[in-house]
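Presented below is the structure to which this report refers.
The values are calculated or read from the model by the stated rules, or taken from the named source; none is laboratory data. The structure displayed is predicted, hence computed values, not measured ones. Here the Cβ is made from the backbone with ideal geometry for all residues, glycine too, and neighbour counts use every protein chain on show. Calculation scope for accessible area: heavy atoms of the full protein, side chains included, ligands and nucleic acids excluded. Shrake-Rupley method; radii C 1.70, N 1.55, O 1.52, S 1.80 Å.
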Amino acid sequence: YLGLAADDHGSTYAGGTALLVGGDGSVVASNPELDPHNELPENKGIIHSSNDVDVFTFLAGAGPLSLTVKPAWDAFYRATDHRGANLDLSVELRTSAGVLINASEPNSDTQATVGATVAAGAYQLVVTGVGNGVSPYSDYASLGQYFINGTMASAVADITAPTPNPMTFASLPSALGESAIAMTATTAVDETTTVQYRFSCMSGSSGCTISAWQTSPSYTATGLAANTSYTYTVMARDLSLNPTGASDPASATTDTPPPPPPYVDFVAGSSVLVVGTVSGALSNTHADDGASQSITEQESGGKPNSRYSYLEYRWNFNVSTGASVTVFANAWSSGSTDGDTFNFQYSTNGGSSWATLFNVSSTLNNNPASAVIPGAPSGAIIVRVIDTNRTVGARQLNTVNVDHLYIQVANPPSDPPDGNPSGLNAGAVSSSQINLSWNDNSSNEASFRVERSPNGSSGWSIIAELPANSEAHSDTNGLLASTPYFYRVSAYNLNGSSGYTSTSATTQAPPPPPALSLSASGSKPKGIIVINLQWSGASGVDVYRNGVKIASAVGGTTYTDNTNLKGSGTFQHRVCLAGGTSTCSNVTTTVL
């Protein structure tokens, strides 16, 4: 009679019950962890399904070995319809390394027997439930119990631990990023069975645990704290539970997490038109690329004499936590005759209250503006633009254009800028514009300051404060023709400023006056709008009002435009050399 223990919990081939037995059926050594119910003498197991595999590991002495596995036929005699005796067995004999020695699955019987003449050592008995070509079946729900018996030569009890003893590390613990440490034990050798390894964390912080016993000599501890030292040992055992001594402790420190990026830019994820009309996509506000989003006022309802124009547009942001939060925009007005400008405001409470960021009135399409939101809020932030003149009678439909709108969250380090800008270049592109460019040589600036001086030694004034990583700026702020200007640029953050890069440039001469120069004046005799035009530089011109020709080949240098209109209005005039040429005067605007 042979004493074996069944793994009756549906083990896979990689697992199994460890049991060492003698040829007389006595148990030489067993694994109490894998047989908690002490059922070893019963030599039985249960197959739950056609995918269930039971594996038994045992020691045998040198000589003949024979094992028979039989289904439990007594199930036929139960006083129930649920007899469950439909088990057809397949049995394999393998070495402890899994090499097949002998297999049995007879077509004419549901039991199976394996046998061989073996050398002394550890072996595996693998039991599965199968069908065959004679009586095939698919997976089933009933339980199939079986029993094992057989004979083998006596085995010597395994009381020797694997080597090396004590264990050692083949690869010392080493950090794998901020939360993991990997290590590899020296591959252990046992004289009779396979080997398992266990890695123990001796000191550390979160995630400092003892691993389960495992067959792989490699182990990675996860869920660890960043920038923290952890100390480990490793030991091994055979399947007879003979343990080695623990290795010498070895330590590793998890990586320090990188600092957050100094500055992160957030663009609007969505937008809402409250009142007005809009043209251009939301994505047009994501980069300073000349493609803009335009919002135009609409006229209010009510009686004509109580109407006014107004607009409101909102952009929705979601930003991370940081040390400071700044709103940047390149936005401009299309012009206004009723004094309308545009306020940019923000809300951190879903629009319940608003605070002003900056006002936009310039008609230049390079008009950067910025403002810091106090308290460095994170999460949802709404930025909106509204008009400033909602006076009754102010009915002109004005437009605000937004090319670039974003929120910059700063996480600056405690150091001043770590590099100076260099290579400042200034080039005059007209009588009223100078373009600047430079190299950004710092990694932690909060912004760049652009300063201008009339002489390069005094009178310096800040003309622009630009976002981090900026390397260009166009100066159109009140420049005079044919005039030299001196510039310098520095990087700065909350902890200090860098050195300067400097240069100068002279604006170009003013363009020559047009060949035709036109002036206009208006009056309303008897309520009829009349506009008197006078020009110089040519005789024989075509006269245009609001882009439409109203007179051809007019001689002399004056013309009276009797509009025959009453009331009020805005009129633009120009004159061009007669004959459809492209030589034209300036455009005059008369408002009555």
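The HN-Hα couplings worked out from phi for region 89-98 by the Karplus form 6.51 cos²θ - 1.76 cosθ + 1.60 (θ = phi - 60°) are 9, 10, 10, 10, 10, 10, 6, 5, 8, x Hz, whole numbers, x standing for Gly and Pro.
Could you calculate the contour length gain from LEU172 to ASN562, that is, 0.36 nm times the residue separation minus the distance between their Cα atoms, to one decimal place in nm?
Numbers: separation 390, 0.36 × 390 = 140.40 nm, distance 9.80 nm.
Answer, rounded to one decimal: 130.6 nm.
Compared with the alpha-carbon gap, the fully stretched path from SER218 to ASP248 is longer by 9.1 nm at 0.36 nm per residue.
Among THR321, THR583, what's the order by accessible area (1.4 angstrom probe), most exposed first?
Details: THR321 100, THR583 55 Å².
Solvent-accessible surface, decreasing: THR321, THR583.
Probing with 1.4 Å while keeping every protein chain in the model, the per residue accessible area of the chain equals 46 Å². The phi-based Karplus calculation (6.51 cos²θ - 1.76 cosθ + 1.60; θ = phi - 60°) puts the 3J(HN,Hα) values of region 214-221 at 9, 7, 7, x, 9, 8, 10, 7 Hz, whole numbers, x for Gly and Pro. Expressed as a whole percentage, what fraction of the accessible surface of the chain belongs to carbon and sulfur atoms when a 1.4 Å probe is rolled over the protein heavy atoms? Exposed carbon and sulfur together represent 51 percent of the surface.
Rank GLY150, SER370, LEU224 by how far each Cα sits towards the positive end of the charge dipole of the chain (+1 on Lys, Arg Cβ; -1 on Asp, Glu Cβ) and give me just the farthest. Highest projection toward the positive end goes to SER370.
In a Debye calculation with equal point scatterers on the alpha-carbon sites of region 137-242 and no solvent, what is log10 I(q)/I(0) at q = 0.24 Å⁻¹? The Cα Debye sum returns log10 ratios of -1.24. Rounded to the nearest 20, the Cβ-based charge dipole of region 343-463 about its Cα centre (Lys and Arg +1, Asp and Glu -1) stands at 560 debye.
Sorting 369-375, 185-191 by average packing, meaning the other beta carbons within 10 Å per residue, from highest down gives 185-191, 369-375. For the chain, the dipole from Cβ point charges (+1 on Lys and Arg, -1 on Asp and Glu) about the Cα centre works out to 3820 debye, to the nearest 20. Computed on protein heavy atoms with a 1.4 Å probe, the accessible areas place THR590, THR348, THR184 in the order THR348, THR184, THR590, largest first.
Treating r as the C-beta distance of SER49 and ASN165 and R0 as 41 Å, the FRET efficiency rounds to 0.50. Assign one of three labels to region 425-577, namely rounded, prolate or oblate, based on the Cα gyration tensor with a ≥ b ≥ c the square roots of its eigenvalues; rounded applies when a/c is under 1.5, prolate when it is not and a/b is larger than b/c, and oblate otherwise. Since a/c reaches 1.5 and a/b is larger than b/c, the shape of region 425-577 is classed as prolate. Around the Cα centre of region 503-583, unit charges on the Cβ atoms of Lys, Arg, Asp and Glu (plus for the first two, minus for the last two) sum to a dipole of about 300 debye. List nothing, just return the count: lysine pairs in the chain, 8 or more apart or interchain, with Cα separation under 26 Å. Pairs that pass both the separation and distance tests number 7.
To the nearest µm²/s, what D does Stokes-Einstein give for the chain at 10 °C and 1.306 mPa s, using the Kirkwood radius over alpha carbon pairs as Rh? Before the final figure, lay out each step's value.
Values: Rh = 33.7 Å.
Translational D for this selection: 47 µm²/s.
Using the Cβ-Cβ distance between ASN425 and ALA551 with R0 set to 41 Å, the FRET efficiency from 1/(1 + (r/R0)^6) comes to roughly 0.25.
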